[in-house]
Structures are given as C-alpha cells and as structure tokens.
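The values are calculated or read from the model by the stated rules, or taken from the named source; none is laboratory data. This is a predicted model, so every value here is computed, not measured. Positions of Cβ are generated from backbone atoms using ideal geometry, with glycine treated the same way; all protein chains shown enter the neighbour counts. What goes into the accessible areas is simple: the full protein's heavy atoms, side chains included, and nothing from ligands, DNA or RNA. Shrake-Rupley method; radii C 1.70, N 1.55, O 1.52, S 1.80 Å.
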Amino acid sequence: MLKGKTAIVTGASRGIGRAIALALAGEGAAVVINYVNNRSLAESVVQEIEKSGGKALAVCADVSLFQEAETLVATAKEAFGSVDILVNNAGVTRDGLIMRMSEEDFDRVLQVNLKGAFNCCRHVVPLMVKQRSGRIINITSIVGLVGNAGQANYAASKAGLIGLTKSLAKEIGSRGITVNAIAPGFIETDMTSGLADKLKEAAKENIALKRLGTPDDVANAVCFLASEKAAYITGQVISVDGGMAL
Ligand code: NAP
C-alpha cells in the first residue's frame, strides 16, 4: 500500500504513464499527472482517480526544460506535502536511419528522454535525501539494451537512462532511496499504433509469450518497485517484454 505517499509520473496523460498513474493511485498514492500538450487527457486521468476516491493533480511541464521540471516538483510538494516516488516515463521518438537523421531529431529525443529524467531527478533528489527515503523509477526500453536500426537517437537516450539509473543508485542508496529502471518491450500505445500490422505480427513472433505488452504490464512492475516489497532492490533494469529480448 502507498497510502500517504506522493508520486510524480511524467507523461501520464496517455499510454504507459496513464496506466502507471492509475495503478499507483489504486495503491493509495496521491499522483501528479504530468503532461506537455494534452491537458484534457491529463484532466480525465485526474477525474478517473478522484472518482475512485483518490487524490491527483494535472501539471503541465516540458520535462526537457530544467525550470519547468523544477516547477513540476515544487507544485507536487506544495499540493501534497512530499514527493516519495518519481516515475520518469515521458518519452518521444523521432525515428530515422542515421544517414538521414537531422541534428534536431537527435537532440530532441535526448533532451526529452534523458535530460528530462535528469531534470526531474535533480529537483526531486534533494527532497528525498532530506526525507531519507524515496523511489525513483526510470522507464527505459529494451532498445536501450540491445539497440535498434532506425532508432540510434532513441536507443542512445534509453541506454543513457540506464547509466543514470545505476550511477544515481550508487550515489543515494545510503540515504534510503532506491533507483531502478524498467525496460518495456513492445507495448500497445500511441507510440506504437502507427506501425504496420505486418510489423506487429512479426514482432509477436519474436516474443516468447506471443503477444504484445499492455500499459498495465508495465504499471504492475512500477507498483512493485514503488512498494515496500522492493526495498532491497536498487540499480536494476527489469525487462517487461514478454521475453522479446531473450
Ligand atoms: P506515448 O503514448 O507516446 O505517450 C507519451 C507521453 O509522454 C504523453 O503523456 C506525453 O504528453 C508525454 N510527453 C512527451 N514529451 C513530453 C515532455 N517534453 N514533457 C512532458 N511530457 C512529455 O508513449 P508510451 O508508449 O506510453 O511510452 C511511455 C514511455 O515508455 C516512454 O518513455 C517510452 O520511450 C517508453 N517505452 C515505450 C514502449 C512502447 O512500446 N510503447 C516500449 C519501450 C519503452 P502529451 O500527451 O501531453 O503529449
């Protein structure tokens, strides 16, 4: 149970972030629903949580911007009194072969996926150190572990997140804070909805469990890492991929 705890979930208006926010709220946490564009979707997540008796607040912030991440964390602390769980989930893709990839597409993916996680950690860690407790969960990808043609920018950002996770775990473990990463495989969300059905069928063939993942599959792992049951786990990357990267 996460009653009395506050969680920030970045990119929680849709997809995996939305499922994580609903699941953490289901465990009793007050949840800050971060988004950058889709205010009405973020507000509908808040309403869904409130309807079930939980507490939530939608906060617009582009996590790639240091000061907006600072305001996001300060708003969460002001609204709910503490920040106990940070889930760095916000992510974007700008796929392309490296020979055609623009500098802008490389930079944007790194700025949101990697720098965004740094920005949020940078502002949350001082609060957690003061509390001498906290949970940071970074949503990376199996692509960060095994690479993917056409996603050099995305894979680099996700591999970077793994380095950030392990370094931070060593840095702040003595303060009672755990830092872990979850590496999803192929999850059905807006991010993957544009891919051709043929490609999805081919992906399924490579997945040991022979199905694509759902946002809830990832959210369940986040709830575990955020719980007391995961108190002695830090610096780890847990794949939630149905056996895709085996
Ligand atoms: P999605 O459906 O495309 O949703 C992306 C979320 O990130 C949205 O809530 C979006 O907010 C938010 N966002 C984007 N840029 C942001 C920014 N600069 N600041 C704050 N929020 C921002 O993505 P998803 O599939 O749920 O993916 C969630 C995470 O899982 C990502 O980190 C992704 O890399 C990772 N992942 C996904 C898969 C997969 O197969 N889907 C696999 C492995 C890893 P708005 O709605 O306001 O735009």
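For the chain, which whole percent of the accessible surface, found with a 1.4 angstrom probe, sits on carbon and sulfur atoms?
52 percent
How much length is gained on full extension from Asn37 to Lys210, taking 0.36 nm per residue of separation minus their Cα-Cα distance?
That pair, Asn37 and Lys210, stretches by 58.9 nm at full extension.
Ignoring ligands, DNA and RNA, what accessible area per residue does the stretch 143-246 give at 1.4 Å, in Å²?
The answer is 51 Å² per residue.
Considering the chain as a Gaussian network with a 10 Å cut-off on Cα pairs, which listed residue, Thr178, Thr234, Thr192, attains the greatest mean-square fluctuation?
Its mean-square fluctuation being the largest, the pick is Thr192.
Over the stretch 13-136, with the other protein chains present, what is the accessible area per residue in square angstrom, probe 1.4 angstrom?
Accessible area per residue, the stretch 13-136: 49 Å².
Counting only C-alpha contacts under 8 Å and six or more residues apart, can you give the relative contact order of the chain as a whole percent?
That works out to 19 percent.
Would you compute, from DSSP H runs of 4+ residues alone, the mean residue ellipticity of the chain at 222 nm, taking -39500 (n - 2.57) per run and dividing by the full residue count, rounded to the nearest 500?
Estimated from H runs of four or more residues: -14000 deg cm²/dmol.
Would you please give the FRET efficiency between Gln131 and Glu50, computed as 1/(1 + (r/R0)^6) with r the Cβ-Cβ distance and R0 = 25 Å, to the nearest 0.05?
In this case the efficiency is close to 0.45.
Taking the chain as a Gaussian network, where each spring joins two C-alpha atoms under 10 Å apart, which residue of Gly54, Gly150, Gly91 fluctuates the most?
Looking only at Gly54, Gly150, Gly91, the biggest GNM fluctuation is shown by Gly150.
Longer than 18 Å from Cα to Cα, which of Lys5/Lys229; Lys3/Lys166; Lys170/Lys229; Lys5/Lys170; Lys3/Lys130; Lys55/Lys130 are they? Say none if no pair is.
Correct reply: Lys3/Lys166; Lys170/Lys229; Lys5/Lys170; Lys3/Lys130; Lys55/Lys130.
What is the distance in Å between the Cα centroid of the stretch 129-143 and that of the stretch 55-119?
So the two Cα centres are separated by 14 Å.
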